[in-house]
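Notes follow the structure.
What follows is calculated from the coordinates using simple rules that are stated; it is not laboratory data. Not measured: the values here are computed from a predicted model. Counting neighbours? That spans all protein chains shown, and the Cβs are built from the backbone with ideal geometry, glycine included.
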Amino acid sequence: MIHWAEPDIGLEEKEMLESVIRSGWVGGNGPLTKKFEEDFAERVNVKHALAVCNGTCGLITGLLALKKKIGELQIAVPTFTFIATAASASLTAKKIQLIDCEKTTFNIDPNKIGKWNNIVMPVDVGGVPCDYEELVKKGKIVFEDAAEAVGSEYRGKKVGSIADITLFSFHAAKLITTGEGGMLTTNNTELYGLMKQIVNQGYPLQKGSRWEYLHTELGFNFRMTEMQSALGIAQLSKLDKYLRHREKIAKVYYDILQDRVVFQKIPKDRKSCYFLFPILVPRKKQQVVCQELLKREIETRITWKPVHLQEAFSQTIPASRFLNAESIWHRVISLPIHNKLAEEQAKYVAESVLDALG
């Protein structure tokens, strides 16, 4: 089976995990977590990085910190996203507004964002950065969901250093993984302090005696464990290698599929990490191609069903049509692309797509 996603866990990760077991410190707030945060902040050129147990908890943490800072949240969220973005916004906001995507990049359309929102949560779909210059012009706080975009760049700047807050995911399918896990980044020291307390059960940043339980803010246990951080340190050291490999896989797909499918557009001022490799096929061929590839032991995904069409939101989101998102959803297929995928396997996938299209 050619898997749609597959983590690359090797000797370096094993050695790091063994060091954690020997140390006896396997929980949160450990020295490896601090190192992972420091390494990650340096990598994306940002002042603060905060490790969390998973990406969704990271989204909730950032939004709770913003709520503490500015009060009621009224959030603009793309409908073309994995559901965690909208679910986190729905949990914390007074009101959310779903926004349609651009036809070509699949990212949120800045021109469709309303005037009443005070927060916008753009998603870098598949690793392609949104147009952050246009989003900043809207005069709103930008909380970037970069769950899919570690290693991506916008106009020469690292994703993670641009928005007011950025969230990365290290889920097992992501470009680097800690099994689950995530990282929040910001240059805002006040927001960082609030998020750090929320992640750590509301303990004050400067704790008093070691034997007392004092909680100055409402917080939760969203901490990353030392086991996760050990994996993260090893995986982060391989990021450049992974980025180069995914570019090679993408080139195979571009070269073979060429004008037979429509590719997601990556503007010239942006660099994608190629977390996803989505293609658009004729609507009547979408299921046919997925089924034919599965017969050939090739996994695919249809990413993503828009939020406004999800049953979980049917009672909370007014009935609306988002034509771009719906059109992409009915045509999109995400092909396998991961750190262990061989170029020969990618050629087989692309040729199988051509056969299925007829």
query = Ordered by packing density, taken as the mean number of other Cβ atoms within 10 Å over each peptide's residues, highest first, how do 320-326, 283-289 rank?
reply = 320-326, 283-289
query = Ranked highest first by average number of other Cβ atoms within 10 Å, how do 307-315, 154-162, 57-65 line up?
reply = 57-65, 154-162, 307-315
ask   = What is the order of 329, 4, 116, fewest Cβ neighbours within 10 Å to most?
value = 116, 4, 329
ask   = Cross-link list 140/251; 35/68; 157/248; 47/95; 47/251: which exceed 25 angstrom alpha carbon to alpha carbon?
value = 140/251; 35/68; 47/95; 47/251
request  = Hey, can you grab everything whose amide H is under 5 Å from the amide H of residue 277? Only 5+ residues off in sequence or another chain; H modelled, so Pro and N-termini drop out.
outcome  = 335
message = Computed from the coordinates I sent, semi-axes √(5λ) of the Cα gyration tensor in Å equals one of (i) 37, 27, 21; (ii) 45, 23, 17; (iii) 34, 26, 17. Tell me the label.
response = (iii)
query = Which ³J(HN,Hα) values, rounded to whole Hz and listed in residue order, are derived for region 58-74 from phi using the Karplus coefficients 6.51, -1.76 and 1.60 in 6.51 cos²θ - 1.76 cosθ + 1.60 with θ = phi - 60°, glycine and proline given as x?
reply = x, 4, 4, 4, x, 5, 5, 5, 5, 5, 5, 7, 10, x, 4, 9, 10
query = Packing-wise, with mean Cβ within 10 Å as the measure, how do 295-304, 211-220 rank, highest first?
reply = 295-304, 211-220
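Go ahead and run the numbers for FRET between residue 19 and residue 284, Cβ-Cβ distance against an R0 of 41 Å, rounding to 0.05. Could the numbers behind the result be given before it?
Working: r = 54 Å, r/R0 = 1.31.
The pair residue 19/residue 284 has a calculated efficiency of 0.15.
Once you order the gyration tensor axes a ≥ b ≥ c over the Cα atoms, which shape class does region 163-234 get: rounded for a/c under 1.5, otherwise prolate or oblate by comparing a/b with b/c?
Oblate is the answer for region 163-234, as a/c is 1.5 or above yet b/c matches or exceeds a/b.
Quick one: of 69/103; 158/238; 14/196, which pairs are farther than 25 Å apart, Cα to Cα? Present the calculation step by step, with values, prior to reporting the outcome.
On the way: 69/103 35 Å; 158/238 17 Å; 14/196 29 Å.
From the list (69/103; 158/238; 14/196), the Cα-Cα distance tops 25 Å for 69/103; 14/196.
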inquiry  = Per residue of region 219-224, what does 6.51 cos²θ - 1.76 cosθ + 1.60 with θ = phi - 60° give for ³J(HN,Hα)? Whole Hz please, x for Gly and Pro, Karplus curve as stated.
reply    = x, 9, 9, 10, 6, 7
